[in-house]
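**Student:** If you scroll down you'll find the structure; I have some questions about it.
The values are calculated or read from the model by the stated rules, or taken from the named source; none is laboratory data. Everything numeric in this text was worked out from a predicted model, so none of it was measured. When we count neighbours, we look across all protein chains shown, and the Cβ atoms used for this are built from the backbone with ideal geometry, even at glycine.
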Amino acid sequence: MSKPDLLMIGGATDVMLERMEAEFTLHKMNDIKDFDAWVAEHGGKIVALATNGHDGVPAHVMAACPNLQVASAYGVGYDAIDTDACVARGIKVTHTPNVLNAEVANTAMMLMLACFRNFLSDERHARSGDWERDGNAPLSNSPDNRTIGILGMGRIGQEIAERLQVFNPTILYHTRSRKDLPYEYCETLVGMAERSDVLICITPGGASTNKIVNKQVLEALGPEGMVINVSRGSVIDEEALIEALQSGKLGKAGLDVFEQEPKIPNALKEMENVVLLPHVGSATHETRAAMGKLTVDNLIQWKQDGTVITPVPECAHL
Ligand code: NAP
Ligand code: 8YV
């Protein structure tokens, strides 16, 4: 029996590839040299797509695949996918919620700890011989007993709040709707920032959160304040962030995500009060294996009975 045709955008682990190849006729976007010629021969056959949070489902791919029925994304954030356009065509979009909560929460905590404790400059101090030459590294600050404002209190935000408990924090949060949780809800983001030592961003990207961490919010955190971003680069006004850090109106930043990935502004790279990561929030073998499994499980279940396991909310009714 012939296998349905699947187009894969971006990379995949060996296990994902093996499972997809067993169930589908796999076309790899990265191997396609002449897209127009490929579309003419194969576009109409493609019924399934495997993609990721960065590449999403590009409009030219949707147009090239008129019979597309399912798009499975390797990641929980799907701001790169035009879900309205997918719903209009009846395309079921899936993502990988929950399996990465712990890892991304760990990343947020480690960024916060690295910022408080100056571990990156301390490591350089130890490795470079500065310790022998110049004496002890400067003192840093404790993460204990802080007021921590969490922007976004969904699956990952709640995991962050739970994992932070070892530091005896006061946890505040801001979302569009109040949750039934044992943390204090703040009606406004700027009001929360005024009271917080640390602001941890963990909302989705997209229009409703675009640059909501603006100059006013950053300055409300103050010269001793810290911002940690493990959500999307678009959530923080990067220009305002650079200005606030350079002028000393904001103390520190720990960033896993940026406006124009993989580009990071030189101004951020040059500052000592910033810790930078290359979007590795979920990037461990263990968590990526779980994300990969769910990405492929969604495709295989769809092949078997037309349903999917973890649709994005906009597609849940399809
Ligand atoms: P989730 O369960 O859907 O939670 C999202 C939270 O954000 C909810 O509490 C939601 O509450 C709040 N929110 C949404 N829009 C908002 C707005 N305009 N203003 C204020 N709050 C808003 O999502 P999740 O699974 O925790 O994932 C969150 C995001 O983390 C993903 O979408 C992705 O962008 C990012 N992420 C990054 C990495 C990484 O590698 N760095 C890895 C995984 C995920 P309300 O709806 O009540 O506002
Ligand atoms: C992935 C992420 O690295 O899940 C997300 O939303 O940002 C990360 O886990 C990204 O989606 C690329 O696949």
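**Student:** Could you list, in sequence order, all residues of segment 110-155 that are assigned to a loop (DSSP other than H, G, I, E, B), of a type in the set (Gly, Ala, Ser) and in contact with a His (Cβ under 9 Å, 6 or more places away or on another chain)?
**Tutor:** If the condition is that a residue be assigned to a loop (DSSP other than H, G, I, E, B), of a type in the set (Gly, Ala, Ser) and in contact with a His (Cβ under 9 Å, 6 or more places away or on another chain), then ALA137, GLY152 are the ones that fit.
**Student:** Sort out for me the strands (runs of 3 or more DSSP E) sitting completely within segment 204-299 that have 2 or more residues that are closer than 19 Å to GLY152 by Cβ.
**Tutor:** The strands (runs of 3 or more DSSP E) meeting that bar are 226-229, 252-255.
**Student:** Scan LEU245, LEU199, LEU181 and give me the residue that is closer than 12 Å to LEU151 by Cβ and assigned by TED's automatic domain parsing to the domain that holds LEU113.
**Tutor:** Of LEU245, LEU199, LEU181, the one residue that is closer than 12 Å to LEU151 by Cβ and assigned by TED's automatic domain parsing to the domain that holds LEU113 is LEU199.
**Student:** Please pick out the residue among LEU164, LEU172 that is in a helix (DSSP H, G or I) and modelled with pLDDT of 95 or more.
**Tutor:** On the way: LEU172 fails: in a helix (DSSP H, G or I).
Going through LEU164, LEU172 in turn, just one is in a helix (DSSP H, G or I) and modelled with pLDDT of 95 or more: LEU164.
**Student:** Looking at segment 177-186, which of the residues that are free of Cβ contacts under 8 Å to residues at least 12 places away in the same chain and not hydroxyl-bearing (Ser, Thr, Tyr) is surrounded by the most Cβ atoms within 10 Å (Cβ to Cβ)?
**Tutor:** Taking segment 177-186 as the starting set, the residues that turn out to be free of Cβ contacts under 8 Å to residues at least 12 places away in the same chain are 177-178, 180, 182.
Checking the rest, the ones that are also not hydroxyl-bearing (Ser, Thr, Tyr) come to 178, 180, 182.
Numbers: ARG178: 12, ASP180: 4, PRO182: 7.
Checked segment 177-186; the qualifying residue surrounded by the most Cβ atoms within 10 Å (Cβ to Cβ) is ARG178.
**Student:** Restricting attention to segment 148-186, which residues are farther than 17 Å from VAL230 by Cβ and either within 11 Å of ligand 1 (Cβ to nearest atom) or among the aliphatic types (A, V, I, L, M) (or both)?
**Tutor:** VAL166, LEU172, ARG176, SER177, ARG178, LYS179, LEU181, TYR185, CYS186
**Student:** Right, here's the next one. Could you list, in sequence order, the residues of segment 194-203 that are more than 13 Å from LYS249 (Cα to Cα) and part of a helix (DSSP H, G or I)?
**Tutor:** ARG195
**Student:** Would you list the helices (runs of 4 or more DSSP H) that sit entirely within segment 1-109 and hold 1 or more residues that are in contact with a Leu (Cβ under 7 Å, 6 or more places away or on another chain) and under 30 Å from VAL198 (Cα atoms)?
**Tutor:** Because the criterion is at least 1 residues that are in contact with a Leu (Cβ under 7 Å, 6 or more places away or on another chain) and under 30 Å from VAL198 (Cα atoms), no helices (runs of 4 or more DSSP H) in segment 1-109 meet it.
**Student:** Looking only at residues in segment 79-122 that are under 26 Å from MET271 (Cβ atoms) and either within 11 Å of ligand 2 (Cβ to nearest atom) or without any contact (Cβ under 8 Å) to a residue 40 or more places away in the chain (or both), which one is nearest to the chain's Cα centre (by Cα)?
**Tutor:** Ranking the qualifying residues of segment 79-122, first place goes to VAL104.
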